[in-house]
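Inspection log for the structure reproduced underneath, given as structure tokens.
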Amino acid sequence: MIDVAVLGAGLGGLTAARDLAGAGADVVVLEARERAGGRVEGVVLPDVGTVQAGGEVIGPAHEAYLELVQELGLAIERSYVSDPGEMTWGLADGVYVGDDLPWMSDAERADLARVHREFAKLAATVDPEDPWSHPDARLLDETSLGAWLRAQGALPAALRRHDLSSLSLSCDAPDRTSLLGELRKHAAVGGEGFYDLDRWEGLRVGEGSAAVALRIASGLGPRLRLGAVVRRIAIQPQGVRVTLESGETVSAEAVICALPAGPLREVEIRGLSEARLRSLRAQRHALAAKVVVAYGSAFWQERGQSGLAETEWLFGSTWPQNGSVLSLLVPPERLAAFLAAPAGVRSEVILDGLSALYGELARTPVAMLERAWGVDPFTQGYVTSWAPGDVTRVGRLHGTHEPPFYVAGSDHWVAGYMEGAVRTGRGAARAALGAASPA
Ligand SMILES: Cc1cc2nc3c(=O)[nH]c(=O)nc-3n(C[C@H](O)[C@H](O)[C@H](O)COP(=O)(O)OP(=O)(O)OC[C@H]3O[C@@H](n4cnc5c(N)ncnc54)[C@H](O)[C@@H]3O)c2cc1C
């Protein structure tokens, strides 16, 4: 019998397996796909090179991730946030360029700043490790971000700015987002305003984020098994038995489950407490798609534009992933329209939007790539979403273990993200090793 079976070779599972193997444990990673990395993926586009189809950027507060990157000998550099030029806004009624919300009046900007100060004040009362201990936890959780903004008397333009922010981050809309969930995220990472770009997205891995996963995977060698779809987990007194789609069973002393919330709901789990199963099954993701559009040059910079845009159109944002390659996110609110359109129409609408933002040169990319993560069977999402009531519904068991069943992966941190995957992967490995050591 092996010591630990790790389920899923995303950053969460890979990090856990790396730490376990480093400590001398006998470990196997069971991964459904024919590649490692999960929601981080490097794809080679002809005439372009490797582009990132999944997670890309991190921030200085993402300490576990930064430490791992350093251990792997990869480079950290500034992200698009430091690119020259100003931000672009694609609104239903026109395109604006300017970092300082040029479509808002001074009074509206002042109102937004007032609301953000109130938000930061409230966030300071939330313990990100234990939001449930807040005296008004249930009320804050059942209140949506949208309802709270309206209760603050936020002006219509401030509400619109928040709608745009959700579209651009591909989160669920403010009315479908728990206020407590948002306060918890802010309390964990801090910074200016509602979502401090520099703190969340100011850095990237020089070699591309997929290199992190690939480097760990290559270190794991034959301990990583691809094409191994987990269908059943049975926790028994003598250990854990994992059954694969092929019918093969793998027995281990312990299991680290690093599967995203959606695919995990399709795995039959026996031997866990009812409360934990309920908590795991209560998690959900915002569903999104990503589009990568590669050009011959960063021509937007000649127009004084940074390549960062927020829009109210089919895609909610654009940003330069590296040089002349733009990344776009299609938010949950637009995903149905995106999926319903024939492929040719989708790319036409996207190029129309890009040319409205950046001019006619945007109509002739070198290559385009679409990745509909929201309907990918082994992701069924994008990042964890906390709908009103969800922080309470998932409850205090969030991110905790029930030995010999341990959890890892970005769903088990406050905000999804690569930091969450690495942080919880390391935590799960530590917990499993701690339980295995003699007292
Ligand atoms: C388009 C996009 C953009 C993003 N942008 C950013 C960003 O800029 N910055 C950031 O920090 N984060 C970003 N994220 C989020 C970040 O990529 C993820 O939170 C993180 O990579 C998740 O890692 P994980 O290990 O928790 O899960 P995953 O990477 O989803 O790994 C889970 C693994 O489990 C496997 N699996 C699923 N079902 C089974 C099964 N039944 N049996 C066996 N294996 C199974 C999957 O194939 C996968 O490899 C983005 C995500 C997406 C999709």
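Quick one: work out the % antiparallel among DSSP beta bridges in the chain, nearest 5.
70
Enter the angle in degrees (range 0 to 90, nearest 10) between the Cα long axis of helix 106-123 and the first principal axis of the Cα atoms of the chain, meaning the one along which they spread out most.
Helix 106-123 sits roughly 20 degrees off the main axis of the chain.
Given springs between every Cα pair under 10 Å in a Gaussian network model of the chain, which of 186, 401, 412 has the largest fluctuation?
Highest fluctuation among the options: 401.
Any idea how far apart residue 103 and residue 347 come out in nm if each label point goes 7 Å out from Cα toward Cβ?
Going by the 7 Å Cα→Cβ label model, 2.8 nm.
Residue farthest toward the positive end of the dipole of the chain, with Cβ of Lys/Arg at +1 and Asp/Glu at -1: which of 367, 221, 145?
Toward the positive end, the furthest listed residue is 221.
Which whole-number percent is the relative contact order of the chain (Cα, under 8 Å, 6+ apart)?
Details: 960 pairs, mean separation 116.6, N = 439.
Once normalised by length, the contact order is 27 percent.
Between 259, 357, 101, find the one with the highest GNM mean-square fluctuation for the chain; connect C-alpha pairs within less than 10 Å.
Its mean-square fluctuation being the largest, the pick is 101.
Under a point spin-label approximation (7 Å from Cα along Cα-to-Cβ), what is the residue 337-residue 231 distance to one decimal in nm?
Modelled inter-label distance: 4.0 nm.
Using only Cα atoms, tell me the angle between helix 156-169 and the longest principal axis of the chain; keep it within 0 to 90° and round to the nearest 10.
Approximately 50 degrees, to the nearest ten.
Computed from the coordinates by the stated procedures, all read-outs in this text should not be read as laboratory data. Remember, predicted model here, so these are calculated numbers, not experimental data. Positions of Cβ are generated from backbone atoms using ideal geometry, with glycine treated the same way; all protein chains shown enter the neighbour counts.
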